[in-house]
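The structure appears below as C-alpha cells.
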Amino acid sequence: AAETVNLGVSIPAATHSFMGGINYWANQAKKDLEKEHKDLKITIKTAANAPEQANQLQDLSTVTKINALVVFPFESAALTKPVAQVKAKGAYVTVVDRGLTDTSAQDAYVAGDNTAFGKIPAEYIAKKLDGKGNVVALRGIATTLDNERMDAFNSVLKNYPGITLLDAKYANWNRDDAFKVTQDYLTRFKKIDAIWAADDDMAVGVLKAIEQAKRDDILVVFGGAGAKGMVKTIMDGKDPRIQADVSYSPKFIYDAIKLTAEARLKGEKLPATTIIPSVLITKDNAKSFYHPDSPF
Amino acid sequence: MPPEQLPSTDTQAAHRPVVQPRWTERLHGFGPVIGLVLLCIAGTLLNGDFATLDNAMNVLTRTAFIGIIAVGMCFVIISGGIDLSVGSMAALIAGCVIMFINAMGPALGSPLLAVVLGAVLAVVLGAVFGLAHGLLITKGRIEPFIVTLGTLGIFRAYLTYFADGGALTLDNELSDLYAPVYYASLLGIPVPVWVFFIVAVIGGLILNRTAYGRYVQAIGSNEQVARYAAVGVDNVKIMTYVLLGVCVGIATLLYVPRLGSASPTTGLLWELEAIAAVIVGGTALKGGAGSITGTVIGAILLSVISNILNLTSIISVYLNAAVQGIVIIVVAFLQRGKR
Amino acid sequence: MPPEQLPSTDTQAAHRPVVQPRWTERLHGFGPVIGLVLLCIAGTLLNGDFATLDNAMNVLTRTAFIGIIAVGMCFVIISGGIDLSVGSMAALIAGCVIMFINAMGPALGSPLLAVVLGAVLAVVLGAVFGLAHGLLITKGRIEPFIVTLGTLGIFRAYLTYFADGGALTLDNELSDLYAPVYYASLLGIPVPVWVFFIVAVIGGLILNRTAYGRYVQAIGSNEQVARYAAVGVDNVKIMTYVLLGVCVGIATLLYVPRLGSASPTTGLLWELEAIAAVIVGGTALKGGAGSITGTVIGAILLSVISNILNLTSIISVYLNAAVQGIVIIVVAFLQRGKR
Amino acid sequence: MKSVSVSFEQVRKSFGPVQVLHGVSFALEPGRVYGLLGENGAGKSTLMKILAGYESLTDGTLRVNGEARNFASSRDAEALGIVLIHQEFNLAEDLSVAQNIFLGHEKKKGWLLDDAAMEREAASALAAVGLDVDPRTKVRRLIVAEKQLVEIAKAVSRHARLLIMDEPTATLTPGETERLFKLIAQLRADGVTIVYISHKLDEVEQVTDEVIVMRDGRFVTRAPTAEVTRQQMANLMVGRELADLYPPRDVVVTATEPALRVRDFVVPGWARDANFDVRPGEILGFAGLVGAGRTELFEGVLGLRPATGSVEIDGHVRSFRNPRDAARHGLTYLSEDRKGKGLHVNLGLRQNLTLMALERYAQPWLKPDAERAALAEAVKDYGIRTGDLDARASSLSGGNQQKLALAKVLQPQPKVVVLDEPTRGVDVGAKRDIYFLIQRLARQGLAVIVVSSELMELIGLCHRVAVMRAGKLVTTLDAEHLTEEELIAHATGTAP
Ligand SMILES: Nc1ncnc2c1ncn2[C@@H]1O[C@H](COP(=O)(O)OP(=O)(O)OP(=O)(O)O)[C@@H](O)[C@H]1O
Ligand SMILES: Nc1ncnc2c1ncn2[C@@H]1O[C@H](COP(=O)(O)OP(=O)(O)OP(=O)(O)O)[C@@H](O)[C@H]1O
Ligand SMILES: [Mg+2]
Ligand SMILES: [Mg+2]
C-alpha cells in the first residue's frame, strides 16, 4: 500500500426499503473492508435530500479530508457540481447508480441498469399475456431515474399493439400509496391482466389491495429490485402472480466500495464504467439473490 | 333589595329580534359540506364508478386513519396547539407493535393474546408520547411547534433504527389473524369505518357536551382568561395531546393489519393531511373554535379529491398535486368569511 | 372630596422592581446564542476540525438559503401568518429560471445578459407568488395555512410538469458563468454569506426601524388594534408575503448556481426548516414579536447541528434525525419562559 | 386649529337586525365639556365610535363643523381633530408604550423611524397624564390603570380638538383622576371640546359644563351641569326614581371563624406584610392608590404569582398553585382586567357564565338547557342587557360585560369571593343592584372582598377597609364612621 486510503461514502438516507438496503450494504462494506485493510478508513454519510448531500460532500472533503469517494447521488444533475468540487480537491471519485450530467466530474461509474429495470418486466409481462391484455403501472417519485424506467417499459410495449397500458400513476415508492392507487385502479378498470408495480415495496401494497377487492383477473404482479421478501416468494412459489422479478440489488454499493477501496490501496484505477446488469429473477436463479440479513 | 325585583330588565331588548347572524353562521358551517357535495357530483360525472358503494367504502376506509388522527388533532388545534409529529408517531407505534406481536406471538403461545396485547400497547404508547408532548409544552414551556418538530425527527429516527432502514413486517400467521381488523365488515360497513365513526362521535361528545371540551375551547379562545376562570389550563392542554396520542394509537391499530408492515416511509406527511383536514373543516389554526363534524368532512373531502384523481386521467399525472391544491383552496374559499 | 391635596403619584410604585423583568427579557433573547455557543463547544470537542475557518464558512454558506427565506418568513410569522409553500416555490422558481436562462442564453446571444435577466425573473416571480398568497389570504379571507398548503402542491406540480418528471438542468457553459454567484468569495467571505448578511440587515432595518415593520408587529400582536389605529392591515399583510416571496427568489438565485438543476425533490421540507429557524430564534408562532437576529441565529444553529452530525459518527446514522430533534427541543427549552 | 362643533341628526345604527341607536339628535358646541350619561347599553360608546370614525352610521346625518360626514376610518376623523379614548383598551401588548402611542402616526426621519423623538414625545405625554413609566416598557407589563393612562396619553399626543373619553377613570384612583381633571381643564382652556362618558356622577358633576342623557339608544335630555343634582342625573339615566345607592350595613357575627385568613403574605416585589381575615357575612374592602399592589396581592393568593405566607380557608391551611385550586376550595376572583383576564369575548354568554361552575352542568354530559336557564336567570338578576342570549360576549356594552363577569365568578357559589373593581363601568342603577346583591350574598354567609378605587363604594358597602400603600398592608379600618379623607390619608401615608 502506497498510502492510507481515506474513503468517504455518501448515500441517501434510508427513507424506504431500497435505500435501507443501500445503507446496510454500505455499512457491511465498511465492516468487512476495514477489518481486512489496516490502512483503510471509511466514513459513511447519509443525506435526506440533495442540498444536504452536497453539504456532506463538502464536509467530507474539507473536514474529513478524504482522498477517495464513493457517492450515490440523490439526483444526477444537482450533485454534479458538488462532486466535481470534491474531485477538484484531489479525491478519486466513484459514482454509483445515478450518473452525473458531466462525466468529467467522476473517475469511475458503477451502476445498475435502469433500462433493463423497465425493459425486463415489460418483456416478461408481454410474454406472459401472449401479447394481449390490459396493464397498469405504478411509478415511483418523479425523478430522472423513474423516467428512464418508464420510458424503457413503454418502448417495449410499443412492440405489442395488443397490450394496452391503461394508466400509470405515481405511488411514491411507498406501500400505502401503492395500496390506494391500486384500489382505485381496481374500481376503475374491470379487467386488468398485469400490474407493473415497479418496485417490490409498492408490490406489497398492490397485492393487499387485490386481495381486499377479491379480484382474480390479475395474472401478473411484477415488482422490481429483488427485495428479500419478494425473492423468497418466488423461491417458495407461494404466489402464482409473482413468479419473476428484476434484480437491482443495493449490493452494488458494496461492490463499488470494495472495488474502489482495493484499487486505491494498490494505486490503481477502475474501469470508467461498470454496469451491474439487471437480470430476470425466477425460481431457478432466485437463491443467489436472497440475502436474509439485509433489510432489503 | 333582592335583585328579583329589579325593573331594569323590563326595558331591555324587547325590540331586538335576532335571526340573521346565526343563520349565516349556520351556513358557514356548511361550507365543507357544500364542497364535498360538489366534488362528489364532479366525481360521478367524471367516472360512473365513483358513485358505487364499493368505492365509497374504499374511500371511507382509507380516510379512517387520517380521520381518526384529525379528530384528535382537532382538540389540539382548538386549544391553540399543534402537533407535527403524528405521522412519525404512527410509524413508530406501528413498528413497536409489530415487533411486539412478532416477539410475543411465539413467546405467549397465543397469537390472539399477542395481537390483543399489541393493540393495547399501541394505545398506551400513543398516550405516553402524547403525555410527553403535553408535559414538554406546558411544564417545559416550549412552543408546540418546536416540541413536535423535534419528536417528528426522533420518532422517525427510532423507527428507522429499529427497522435497520428497511421495513418491519408482521409474521405471516399473525398477520392473517390480525387482518380482519382492517379487512372485515360489520353490517356491510368495514371495521375501520365503524371505528372512525365511533371515534368521531365520542370526540364530538367530548368537545361539545363535556366540561373538558368547553375548557379546551376556552383555552384556545383566551388562555389567560381561562386560567383566571379556574380552568386547569396545563392539565387540559396535556390531555389534548394525550387524546391525540390515543387517536394516533387507534389509527395505527387499523393501519398495521392493512399492510402488516412499517417502514421509514410510513405515515409520511400525515401531519399535514390531518391538520389540513381540521382546517378545511372550518377550524381556525389559531384555535378557540372548531367542530368535529367539520373535521370529519374535511378528512373525507381530502381523500375524495385524490380518489377522483386516481379514477380519472384527464390531466397530466404531474399536475395531480396542483388539482388537489386548487380544490383545497376553493373549498376553503367557500367556507370563508369569519372575521 | 378634596383630592387636590393628594401627593398622588409620588408615592406610587417606588417599590417596584423595574429592572428585573427587562433583564430577564434581555437574557431570554440570548437563549439561541447560548444554545449556539454550547453547540460550537460540543462540536469542537467532538471534532477538532469543526472550529476551522473553512468549516465555519461552509456552514454559513449553506445556511444562506434557508436563512434568507427565514428572514422573510420572520415577517410573515410576526404578522400572524404562515407560509408552507416556500420550498415548492423555490423549486418552481429555480425551474423557471433554469428554463429561462437555457432558452435566452442562445437567443439573446449574451449568456451573461441571460443570467442577469434570469436573476431578475427569480425575484419577480417570488414577488408575484407572494402577492398571490397575500391577496388570497386577505381579500379572499382564507386561512394562510390552507392557501399555502394549496400552493405547495400547485408549485411543485408545475415544476414536475415542466421537468416532465425529471430534472431541469442548467446548460453547462451557462452554468460555469453563473457558478461564481455561489462559489466565489469577496474579501475571503463567500458570496452567499454576503447576500445572507445583507438580506438580514435590511430585514432587521425594515422590521425595527420603519413604520412598516412596526405595523407588522402591531398586526401580529392585535389585528383589531392595528385596524383601529388606521393601519392598512390588508396591505401590510400582503406585503409580508411579497417580501417572503422576494426572499425566496433571492435564495433561489443562490441555489441555482450551486446545484445547477431543479427537480421535483428540490426544496422539499424547506418550509419546515425556515419556520423552525424563525421559531428556534425566539419568535412565537402566534406572532406579535420576534427578531431577525434571533432568526439568523436560529438558522445557523440548525445547520451547525447537522454539520456536527456530519463531522462525527458517534451514533448510528439512523439516529441523526433523533439527535437533531433532541437538540432543537433543548435549545428551545433554554430560551423558553415567555408566557 | 379651531375648535370642532358637531351635530347628530336622527342618527341610527344597527348591528344586523339589532338596532341600538334610534334616531339620536343633539349638537355639541365647541370648547365645552360635555358629560354623556346613560345606562349600560344605552348606546353611548356606539354613538361616539360613529363620531370618531370607528363605526359607520346606518341612517341619519353626522355634521362636523356644519358639514355632513361619514368617516371611512378613524384616520379621517382624526384629520379633523376628533379623537376617541376607548372604553376597552386598544393597545398592542407586544409593543412598547411609545410604539403604541404613535401607532399609525409614526414620526420618521427619512425612511426610518425616529424612535428617539417618539420616545421623547411619549414621555412628555405620559408626564401630562402623570404616568411614570419608561416609554420603552412593553404594554404587556403594565397594570390596568397604567394602560388606561397610556390610552389617555395616546389621545393627548394626537393634539385633539374634540376629545372623547369613554370611561377614562373606571380603573383610576382619585389621584390619577384628579390629574386627569387638571388636564381636562387645561384642554378646555385651549378650546378643545370634550365629551366625557362616565358612570361616576361625582366626577361628571365636577368636571363637565353640561350633561346629555341617553336612554335605550335615544336622546333623552340635556341640561347645564350646575342645574342638576347627582340624584337627578341618576334618575334621568335610569328613567325612574333611584333610592339609596348603598344597602344598610348588616352586623357581622364576629364570633365565627374567618372564612379566609391570610398571614404574613408576601408577593415578592409587589406586596408584603399582608395580614387579614374575612368572616362569613363580612364585606372587606381594599383601598389604595394605583400601584399599591392590591391586585398582585390577590393574584399571589390565587397562585398566579410566586408568593409566600399562609392562607387558610375555613381554618384549613391551603396553598394554591392556580385559580383552579382556589376555586376548588371555595375562593373565586373577579379580575379588574375584563378583556384580558375576565371574559372570553369571543365565546357566547352562556359559555362565559357557566365556565367556572361546569361541574354543576356536566353530569357527565353538559346540559345546554340548564345552562340556558342559568343564563336567563343571570340576565335577570344582574340586569344584563342583551338582545340575544346566544350572542357573543363581545357584543355586550362594557358595563354589561362587567355584569356578566361578576355573575360568572359567583356561579360556583364560592365561600369567599374577591371582586377587583366590581363596578367598573357599571351604571348607577346597576351599581346599586350589584351592591344589594353583594349584600344579599354576604347575608347568606359569603365572605366578600372588594378591591376598589372608588372610596365611596368601599365606605358605603364594606364593614372594614384594609388600606395598602406601596405594597404594604398598612392598616385595617372600621368602615362605620370612616370618611373619604381619612381613607386617603392612610393610602397616601399622610395620616397622623
Ligand atoms: N358589535 C356589536 N354587535 C351587536 N350588538 C352590539 C355591538 N356593539 C354594541 N352592541 C350593542 O349595542 C348596545 C349599545 O352598546 P354601547 O356599547 O354603545 O353601550 P354603552 O352606552 O356604551 O354602555 P356602557 O355604559 O355599558 O359602556 C348594547 O346593547 C350592545 O349590546
Ligand atoms: N408587569 C409589570 N412590570 C412592572 N411593573 C408592574 C407590572 N405590573 C404591575 N406593575 C407595577 O406594580 C405596582 C403594583 O400594581 P397593582 O396592580 O398591584 O396595584 P393595585 O393596587 O392593584 O392598583 P389598581 O388599583 O390599579 O388595581 C404598580 O406600581 C405597577 O406599576
Ligand atoms: Mg360604553
Ligand atoms: Mg389593581
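The values are calculated or read from the model by the stated rules, or taken from the named source; none is laboratory data. Computed from a prediction, not measured in an experiment: that's the story for all the values here. Every residue, glycine as well, gets a Cβ built from its backbone with ideal geometry; the counts of neighbours run over all protein chains shown. Surface areas here come from the heavy atoms of the whole protein model, side chains and all, with no ligands, DNA or RNA. Shrake-Rupley method; radii C 1.70, N 1.55, O 1.52, S 1.80 Å.
The table below lists the values:
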{"read-out": "Output for the range D:186-218, where each listed residue is part of a loop (DSSP other than H, G, I, E, B) and open to solvent by less than 30 Å² (accessible area, probe 1.4 Å)", "value": "D:Gly191, D:Val192, D:Ser198, D:His199, D:Lys200, D:Thr208, D:Asp216, D:Gly217"}
{"read-out": "Verdict on D:Leu149 being open to solvent by 10 Å² or more (accessible area, probe 1.4 Å) and in the same structural domain as D:Val33 (by TED's automatic domain parsing)", "value": "no"}
{"read-out": "Those strands (runs of 3 or more DSSP E) lying entirely in the range A:97-177 with at least 3 residues touching a residue at least 60 places away in the same chain (Cβ under 8 Å)", "value": "A:108-111, A:133-139"}
{"read-out": "Within the range A:263-287, considering residues that are part of a helix (DSSP H, G or I) and among the hydrophobic types (A, V, I, L, M, F, W, C), the one nearest to the chain's Cα centre (by Cα)", "value": "A:Ala286"}
{"read-out": "Segments classed as helices (runs of 4 or more DSSP H), wholly inside the range B:130-245, with at least 3 members that are over 23 Å from B:Ala70 (Cα atoms)", "value": "B:144-163, B:172-178, B:223-228"}
{"read-out": "Subset of the range D:101-136 [in contact with a strand residue (DSSP E or B) (Cβ under 6 Å, 6 or more places away or on another chain) and touching a residue at least 40 places away in the same chain (Cβ under 8 Å)]", "value": "D:Arg136"}
{"read-out": "Options D:Arg249, D:Arg230, D:Arg218; residue that is closer than 28 Å to D:Gly23 by Cβ and not hydrophobic (A, V, I, L, M, F, W, C)", "value": "D:Arg218"}
{"read-out": "Number of positions in the range C:34-77 that are surrounded by fewer than 16 Cβ atoms within 10 Å (Cβ to Cβ), in contact (Cβ under 8 Å) with a residue 24 or more places away in the chain and β-branched (Val, Ile, Thr)", "value": "1"}
{"read-out": "Residue list for the range D:302-318, restricted to those being under 16 Å from D:Asp277 (Cα atoms) and open to solvent by 60 Å² or more (accessible area, probe 1.4 Å)", "value": "D:Asp314, D:His316, D:Val317, D:Arg318"}
{"read-out": "Boolean, A:Tyr290 is open to solvent by 20 Å² or more (accessible area, probe 1.4 Å) and within 18 Å of the chain's Cα centre (by Cα)", "value": "yes"}
{"read-out": "Filtered residue count, the range D:355-396, keeping only those that are within 27 Å of D:Arg324 (Cβ to Cβ), among the small types (Gly, Ala, Ser) and touching a strand residue (DSSP E or B) at 6+ places or on another chain (Cβ under 9 Å)", "value": "1"}
{"read-out": "Wholly enclosed helices (runs of 4 or more DSSP H) of the range C:255-335 bearing at least 1 residues over 30 Å from C:Tyr212 (Cα atoms) and more than 8 Å from every other protein chain (Cβ to nearest Cβ)", "value": "C:292-311, C:320-334"}
{"read-out": "Matching residues in the range C:162-215 - criterion: being among the hydroxyl-bearing types (Ser, Thr, Tyr) and modelled with pLDDT of 90 or more", "value": "C:Thr210, C:Tyr212, C:Tyr215"}
{"read-out": "Of all residues making up the range C:163-190, the number that are surrounded by fewer than 17 Cβ atoms within 10 Å (Cβ to Cβ) and at the interface with chain B (Cβ under 10 Å from one of its Cβ atoms)", "value": "1"}
{"read-out": "Residue count, the range D:426-468 (criterion: in contact with a helix residue (DSSP H, G or I) (Cβ under 6 Å, 6 or more places away or on another chain), away from chain B (no Cβ under 14 Å) and either charged (D, E, K, R) or within 16 Å of ligand 2 (Cβ to nearest atom) (or both))", "value": "6"}
{"read-out": "Residue match in the range D:263-286 (condition: within 16 Å of ligand 2 (Cβ to nearest atom), in a loop (DSSP other than H, G, I, E, B), open to solvent by less than 50 Å² (accessible area, probe 1.4 Å) and assigned by TED's automatic domain parsing to the domain that holds D:Ile438)", "value": "yes"}
{"read-out": "Lone qualifier among B:Gly140, B:Gly81, B:Gly118, B:Gly130 - being open to solvent by less than 30 Å² (accessible area, probe 1.4 Å), under 22 Å from the mean Cα position of the chain (by Cα), at pLDDT below 95 and over 13 Å from B:Leu174 (Cβ atoms)", "value": "B:Gly81"}
{"read-out": "Condition met for D:Lys182 (out of contact with any His (no Cβ under 9 Å at 6 or more places or on another chain), assigned to a helix (DSSP H, G or I) and surrounded by 18 or more Cβ atoms within 10 Å (Cβ to Cβ))", "value": "no"}
{"read-out": "Failed item in (1) within 16 Å of ligand 4 (Cβ to nearest atom); (2) out of contact with any helix residue (DSSP H, G or I) (no Cβ under 7 Å at 6 or more places or on another chain), with D:Ser395 passing the rest", "value": "(1)"}
{"read-out": "Output for the range D:32-51, where each listed residue is of a type in the set (Gly, Ala, Ser) and either within 13 Å of ligand 3 (Cβ to nearest atom) or more than 27 Å from the chain's Cα centre (by Cα) (or both)", "value": "D:Gly38, D:Gly41, D:Ala42, D:Gly43, D:Ser45"}
{"read-out": "Failed condition for D:Ala127, given (1) in a helix (DSSP H, G or I); (2) more than 16 Å from ligand 1 (Cβ to nearest atom); (3) away from chain C (no Cβ under 11 Å)", "value": "(3)"}
{"read-out": "Options D:Lys154, D:Lys147; residue that is assigned to a helix (DSSP H, G or I) and closer than 23 Å to D:Glu299 by Cα", "value": "D:Lys147"}
{"read-out": "Pair list, Cβ under 8 Å, 6 or more apart: the range D:178-197 residue farther than 23 Å from D:Lys44 by Cβ, other residue part of a helix (DSSP H, G or I) and within 16 Å of ligand 2 (Cβ to nearest atom)", "value": "D:Glu178/C:Pro3; D:Glu178/C:Ser8; D:Arg179/C:Ser8; D:Arg179/C:Thr9; D:Arg179/D:Val129"}
{"read-out": "All positions within the range D:114-146 that are open to solvent by 20 Å² or more (accessible area, probe 1.4 Å) and more than 15 Å from ligand 2 (Cβ to nearest atom)", "value": "D:Asp114, D:Asp115, D:Ala116, D:Glu119, D:Arg120, D:Glu121, D:Ala123, D:Ser124, D:Ala127, D:Ala128"}
{"read-out": "Hey, D:Lys367 within 10 Å of another protein chain (Cβ to nearest Cβ), over 22 Å from the mean Cα position of the chain (by Cα) and away from ligand 2 (no atom under 16 Å from the Cβ) or not", "value": "yes"}
{"read-out": "Within the range D:319-340, tally of residues that are surrounded by 24 or more Cβ atoms within 10 Å (Cβ to Cβ), in a helix (DSSP H, G or I) and not aliphatic (A, V, I, L, M)", "value": "2"}
{"read-out": "Boolean, A:Met230 is assigned to a helix (DSSP H, G or I), more than 13 Å from chain B (Cβ to nearest Cβ), open to solvent by 10 Å² or more (accessible area, probe 1.4 Å) and not hydroxyl-bearing (Ser, Thr, Tyr)", "value": "no"}
{"read-out": "Per-region count, the range A:1-45, residues among the β-branched types (Val, Ile, Thr) and open to solvent by less than 10 Å² (accessible area, probe 1.4 Å)", "value": "5"}
